[in-house]
Amino acid sequence: MLDKMKLLLRRKSSCVLATTDGNRPHCSLMAYIISKDADRLYLVTLQNTKKYQNIKHHPGVSLLIDTRGEQKRLHTQALTITGTCQILEDVNEISKLRRAFKRHHPHLQGLIHKGDVAFLCVKFGSFLLLDGPENAHHEIVS
């Protein structure tokens, strides 16, 4: 089942990122890049955003990736991922990610070259795949 979950991760390229300030949840629509082993994903954001400030103080996050619009509603899949989000600082890693985002998400080219941009890495803790309205599969990965 974990392979099916990772296949969905590889097939898609956007998610909803949920962060918290400690009291209130905050959701953001995000483009992502998945790692080769599909054990983490990468995001990019500006540092003056609510999500960035939330992650600095509360690195626990949740992601939602789904198949809405691909098939009939009865067969929609929704993958919820919990994990820990790290703000990346390694210059070489950031340079590689900048090139990867430029390749996979050309619409973000203006964003990824701004001076106050941050690259984020979400390391996965668990997956919950809803395959239709009643079939749920849970996997702990960390």
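At-a-glance table
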item	result
Options HIS104, SER35, PRO25, ranked by Cα towards positive dipole end of the chain, top entry (Cβ charges)	HIS104
Relative contact order computed over region 84-123 (Cα-Cα under 8 Å; 6+ residues apart), in percent	63 percent
Region 120-141 residues near the modelled THR84 label - backbone nitrogen below 17 Å, point 7 Å along Cα→Cβ	120-127, 140-141
Residue-averaged 222 nm ellipticity for the chain, from DSSP H runs of 4+ at -39500 (n - 2.57), nearest 500	-7000 deg cm²/dmol
Tail beyond 14 Å, pair distance distribution of region 48-107 (Cα, percent)	73 percent
The chain - Debye-derived log10 I(q)/I(0), Cα point model, q = 0.13, 0.15, 0.18, 0.21 Å⁻¹	-0.57, -0.75, -1.06, -1.36
The chain, relative contact order [Cα under 8 Å, separation at least 6], %	25 percent
Percentage relative contact order, region 56-98, counting C-alpha pairs under 8 Å, at least six apart	40 percent
Burial ranking of peptide ranges 96-108, 78-90 (average Cβ count within 10 Å, highest at the top)	78-90, 96-108
Residues of type lysines that LYS114 reaches as a straight line, Cα spacing below 20 Å, ignoring anything fewer than 8 places off in the same chain	LYS50, LYS51, LYS56, LYS96, LYS102
Other-chain or far-sequence residues with amide H under 5 Å of VAL141's (modelled H)	SER126, PHE127
Within the chain: Cβ-based charge dipole about Cα centre, in debye rounded to nearest 20 (Lys, Arg +1; Asp, Glu -1)	480 debye
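Read the figures in this text as sums done on the coordinates, not as results from a lab. Since this is a predicted model, take the numbers as computed values, not measurements. Here the Cβ is made from the backbone with ideal geometry for all residues, glycine too, and neighbour counts use every protein chain on show.
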